[in-house]
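Next up is a structure, given as structure tokens.
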Amino acid sequence: MAQKEISSLVPVLDELGLPVNFGWSRNSCFIYDPAFISAPRRFVCESDRYILISPSHLIILEILDDGFLGYIGMSVVSLRDTKRSTQMYRIPFPLGTLELPRNSDTGSIRLQHKKYFLNFAAMEGGVRIIKVDIPKFGHHRNLRGELVLSPPQGAESLATSMPWRERKHAFRCTRRSPWYIAEGVIQFGTQELIFTQGNSWGIFDWSRGVRPPSDLRYWASGCGQSGGKQVGFSVGYDSADSSLGTANAFFLDGKLHKLDQVSFHISPSNWFQPWRFTSSDNRLEMIFALHQERAESHQMLFQSLKRRQACGFFSGRVILDDGSEFEFQNITGFAERRKTRF
């Protein structure tokens, strides 16, 4: 079945709360309104995540509201050695109380507590401002600073809306934008992590939907510069029906080049062997050289989330929409395997 590109605003739910209008878009065409969801709130999953890349570090900031499970997670990963620090603030039974925005273009998040301050602000022109202040992060170091994320001229995002087979209420609406130009400073203990234009990047991952009782998801994304071009990509798959629009695309200077199904080839005996990625349309071949990984596990009553995340460097080749071939080397990014069960 051919993928379906959607270019006008459409709702992701009908008046009965059933998912409709499946496909993909180059812009945020899918209108998500949680007021129309008819499934139990414990199955609604909403998350905002930023992956921030400097020459020396990779920072992951995530807010998750997944029914009974919720948390604010932050990780600082060194790209020069195997050091990393993670801080998780668990929020039991959030069930919508985090009030994550329904719109990926204009919604902002501000969370303040005696242990943390986090602000994701959406500004005019697609600019985003990230502010973070954690007095005691990891080994009692502070994590504090501000970054400005700017889109390239005429940048396109990959937005998708997918259903689940045999689960009439389940769907996932996503937006991935792996092309932000990052500028600013993050103070991490005694270190200053400097983000400057031309060598620092940001990836935005926005997800809303109703999930099934169990799901296994793979996702990888990266951003950087190769051959004088800004390179970004977002590839992955799960148990959702992606026949009308996969969550796979390659970006060159912010412009989207759509891919079909992408497979992750991972050694079952050695997670740290280089991963290989191939697409069913033969347009993408990519190798992921792992630098380091982290694992996490969360449990709340009958709900569980297990995830393995790895960061490293991607190299490969892609066939662009005009038929030309582009090769890229050592693009910083990360990949993950996530399993949820209720």
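What do you reckon, is Gly145 at pLDDT 95 or above and closer than 20 Å to Lys258 by Cβ? Steps first, please.
Numbers: at pLDDT 95 or above: yes; closer than 20 Å to Lys258 by Cβ: no.
It is false that Gly145 is at pLDDT 95 or above and closer than 20 Å to Lys258 by Cβ.
May I ask you to list the residues in the stretch 15-40 that are touching a helix residue (DSSP H, G or I) at 6+ places or on another chain (Cβ under 8 Å) and either free of Cβ contacts under 8 Å to residues at least 60 places away in the same chain or not small (Gly, Ala, Ser) (or both)?
Matches in the stretch 15-40: Glu15 only.
Can you name the condition, by its number, that Ala289 falls short on among (1) among the aliphatic types (A, V, I, L, M); (2) surrounded by 15 or more Cβ atoms within 10 Å (Cβ to Cβ); (3) at pLDDT 95 or above?
It is condition (2) that Ala289 fails.
Is at least one residue of the stretch 271-293 under 27 Å from Gly67 (Cβ atoms), over 19 Å from the mean Cα position of the chain (by Cα) and part of a strand (DSSP E or B)?
Looking through the stretch 271-293, none of the residues is under 27 Å from Gly67 (Cβ atoms), over 19 Å from the mean Cα position of the chain (by Cα) and part of a strand (DSSP E or B).
Go over the candidates Phe117, Phe68 one by one and state the one that is touching a residue at least 40 places away in the same chain (Cβ under 8 Å), out of contact with any Ser or Thr (no Cβ under 8 Å at 6 or more places or on another chain) and among the aromatic types (Phe, Trp, Tyr).
Phe68
From (1) hydrophobic (A, V, I, L, M, F, W, C); (2) part of a strand (DSSP E or B); (3) surrounded by fewer than 16 Cβ atoms within 10 Å (Cβ to Cβ), pick out the condition that doesn't hold for Ala35.
Checking Ala35 against (1) hydrophobic (A, V, I, L, M, F, W, C); (2) part of a strand (DSSP E or B); (3) surrounded by fewer than 16 Cβ atoms within 10 Å (Cβ to Cβ), the one that fails is (2).
Can you pull out every residue in the stretch 82-100 that is closer than 19 Å to Glu46 by Cα and either touching a residue at least 40 places away in the same chain (Cβ under 8 Å) or of a type in the set (A, V, I, L, M, F, W, C) (or both)?
Those that are closer than 19 Å to Glu46 by Cα and either touching a residue at least 40 places away in the same chain (Cβ under 8 Å) or of a type in the set (A, V, I, L, M, F, W, C) (or both): Met88, Arg90, Ile91, Pro92, Phe93, Leu95, Gly96, Leu98, Leu100.
Each row is one residue, and each column tells you yes or no for (1) in a strand (DSSP E or B); (2) touching a helix residue (DSSP H, G or I) at 6+ places or on another chain (Cβ under 6 Å); (3) farther than 21 Å from Pro151 by Cβ; (4) at pLDDT 95 or above.
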residue	(1), (2), (3), (4)
Arg42	no, no, yes, no
Glu46	yes, no, yes, yes
Ile51	yes, no, no, yes
Leu61	yes, no, no, yes
Leu64	yes, no, yes, yes
Tyr71	yes, no, yes, no
Thr82	no, no, yes, no
Thr86	yes, no, yes, no
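Within the stretch 152-169, restricting attention to residues that are touching a Gly at 6+ places or on another chain (Cβ under 8 Å) and closer than 22 Å to Leu100 by Cα, which residue is surrounded by the fewest Cβ atoms within 10 Å (Cβ to Cβ)? Quick ask: steps written out before the conclusion?
Keep residues of the stretch 152-169 that are touching a Gly at 6+ places or on another chain (Cβ under 8 Å), which gives 152-156, 160-162, 169.
The next check asks that each one be closer than 22 Å to Leu100 by Cα; those that pass are 160-162, 169.
Working: Thr160: 26, Ser161: 30, Met162: 25, His169: 20.
Among residues in the stretch 152-169 that are touching a Gly at 6+ places or on another chain (Cβ under 8 Å) and closer than 22 Å to Leu100 by Cα, the one surrounded by the fewest Cβ atoms within 10 Å (Cβ to Cβ) is His169.
All but one of (1) of a type in the set (A, V, I, L, M); (2) under 28 Å from Lys255 (Cβ atoms); (3) outside any strand (DSSP E or B) hold for Leu100; state the number of the condition that does not hold.
(2)
Could you give every pair whose Cβ atoms fall below 7 Å, whose first residue belongs to the stretch 151-163 and is over 13 Å from Ile6 (Cα atoms) and in contact (Cβ under 8 Å) with a residue 40 or more places away in the chain, and whose second residue is buried (at least 20 other Cβ atoms within 10 Å of the Cβ) and of a type in the set (S, T, N, Q), counting only separations of at least 6 or pairs across chains?
Short answer, once both residue conditions are applied: Pro152/Gln230.
State whether one or more residues within the stretch 20-27 are surrounded by fewer than 20 Cβ atoms within 10 Å (Cβ to Cβ), touching a Phe, Trp or Tyr at 6+ places or on another chain (Cβ under 9 Å), more than 30 Å from Phe188 (Cβ to Cβ) and at pLDDT below 95.
Scanning the stretch 20-27, I find no residue that is surrounded by fewer than 20 Cβ atoms within 10 Å (Cβ to Cβ), touching a Phe, Trp or Tyr at 6+ places or on another chain (Cβ under 9 Å), more than 30 Å from Phe188 (Cβ to Cβ) and at pLDDT below 95, so the answer is no.
If we keep just the residues of the stretch 99-115 that are surrounded by 12 or more Cβ atoms within 10 Å (Cβ to Cβ) and over 15 Å from Ala35 (Cα atoms), which is modelled with the lowest pLDDT?
Going residue by residue through the stretch 99-115, those that are surrounded by 12 or more Cβ atoms within 10 Å (Cβ to Cβ) are 99-105, 107-109, 111, 115.
Subset that is over 15 Å from Ala35 (Cα atoms): 104-105, 107-109, 111, 115.
On the way: Ser104: 94, Asp105: 93, Gly107: 85, Ser108: 91, Ile109: 95, Leu111: 93, Lys115: 90.
Checking each candidate, the answer is Gly107.
Here's another thing I want to ask about it. Scanning the stretch 130-169 for residues that are polar (S, T, N, Q) and outside any strand (DSSP E or B), which turns out farthest from Leu61 (Cα to Cα)?
In this case the residue turns out to be Gln153.
The values are calculated or read from the model by the stated rules, or taken from the named source; none is laboratory data. Treat the numbers as computed from the prediction; the structure is a model and nothing was measured. Neighbour counts run over all protein chains shown; Cβ positions are idealised from the backbone, glycine included.
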